[in-house]
1. Do any helices (runs of 4 or more DSSP H) lying entirely in segment 1-97 carry at least 2 residues that are touching a residue at least 60 places away in the same chain (Cβ under 8 Å) and touching a Gly at 6+ places or on another chain (Cβ under 6 Å), and which ones are they?
2. Tell me which residues, restricted to segment 1-31, are of a type in the set (S, T, N, Q) and exposed (fewer than 12 other Cβ atoms within 10 Å of the Cβ).
3. Taking Met123, is it under 25 Å from Ile3 (Cα atoms), hydrophobic (A, V, I, L, M, F, W, C) and outside the structural domain of Arg57 (by TED's automatic domain parsing)?
4. Being in contact with a helix residue (DSSP H, G or I) (Cβ under 7 Å, 6 or more places away or on another chain), closer than 30 Å to Val23 by Cα and surrounded by 15 or more Cβ atoms within 10 Å (Cβ to Cβ): is that true of Glu90 here?
5. Among the numbered criteria (1) exposed (fewer than 14 other Cβ atoms within 10 Å of the Cβ); (2) under 27 Å from Met1 (Cβ atoms), which one does Glu59 miss?
6. Have a look at Ala65, Ala61, Ala89 and point out the one that is of a type in the set (Gly, Ala, Ser), closer than 27 Å to Glu36 by Cβ and modelled with pLDDT of 95 or more.
7. Just checking, how many residues over segment 111-146 are surrounded by fewer than 14 Cβ atoms within 10 Å (Cβ to Cβ), in contact (Cβ under 8 Å) with a residue 24 or more places away in the chain and outside any helix (DSSP H, G or I)?
8. Scan segment 62-76 residue by residue and report those that are surrounded by fewer than 17 Cβ atoms within 10 Å (Cβ to Cβ) and charged (D, E, K, R).
Amino acid sequence: MSILEQVQADTREAMKAGDKTRVAALRLVANALLNEAKDSGGDFDELAVLRRERKRRVEAAEAFAEGGHEDRAAAERAEAEIISAYLPAELSDDELAQIVDDVIASNGAAGPGDIGKVMGAVMGRVDGRADGKRVNQMVRGRLAGGA
């Protein structure tokens, strides 16, 4: 079963349960997946769409919170959580640190000038199981000599 099919099935279940928040969030996700499928001719990465949609919700929540609209920020965070349920589990800090250290050692990276080279390799290995901002912070810390 594809992620789109699972989202559609979960939408039907949420409708039966009367969970309006979940229904609205899942409809937005299903719409994004359907649009991407249509635009790409069916050849697309469902996980990439989910990550993009989750990131949009997280950024919107931050913006609403900064603007003093905590109720709207909470709604965006709730949608991000619903979307996160369809994504692979995030790597722990220890797992991510191990990957970063392995890439640094194998690439011979020695300083901040090697961030781009390390980031590309690490992002390929984490395969969406860690946010790019989180990876960047860890890579920068490691290459600066920190932990």
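1. On the way: elements: 3-17, 20-40, 46-66, 70-84.
Because the criterion is at least 2 residues that are touching a residue at least 60 places away in the same chain (Cβ under 8 Å) and touching a Gly at 6+ places or on another chain (Cβ under 6 Å), the helices (runs of 4 or more DSSP H) in segment 1-97 that meet it are 46-66.
2. Matches in segment 1-31: Ser2 only.
3. On the way: under 25 Å from Ile3 (Cα atoms): yes; hydrophobic (A, V, I, L, M, F, W, C): yes; outside the structural domain of Arg57 (by TED's automatic domain parsing): yes.
It is true that Met123 is under 25 Å from Ile3 (Cα atoms), hydrophobic (A, V, I, L, M, F, W, C) and outside the structural domain of Arg57 (by TED's automatic domain parsing).
4. Judged against the criteria, Glu90 is not a match.
5. (2)
6. Working: Ala65 fails: closer than 27 Å to Glu36 by Cβ; Ala89 fails: modelled with pLDDT of 95 or more.
Of the residues listed, the single one that is of a type in the set (Gly, Ala, Ser), closer than 27 Å to Glu36 by Cβ and modelled with pLDDT of 95 or more is Ala61.
7. Taking segment 111-146 and keeping what is surrounded by fewer than 14 Cβ atoms within 10 Å (Cβ to Cβ), we get 111-113, 116, 120, 124, 127, 133, 137, 141, 144-146.
Okay, now just the ones that are also in contact (Cβ under 8 Å) with a residue 24 or more places away in the chain, so 111-112, 127, 144.
This time we only want the ones that are outside any helix (DSSP H, G or I), so: 111, 127, 144.
Residues that pass the stated criteria total 3.
8. Within segment 62-76, the subset surrounded by fewer than 17 Cβ atoms within 10 Å (Cβ to Cβ) is 62-63, 65-72, 74.
Answer for segment 62-76, where residues must be surrounded by fewer than 17 Cβ atoms within 10 Å (Cβ to Cβ) and charged (D, E, K, R): Glu62, Glu66, Glu70, Asp71, Arg72.
The values are calculated or read from the model by the stated rules, or taken from the named source; none is laboratory data. In this text, all values refer to a predicted model and were calculated from it rather than measured experimentally. Glycine also receives a Cβ, built like all others from the backbone with ideal geometry; neighbour counts cover every protein chain displayed.
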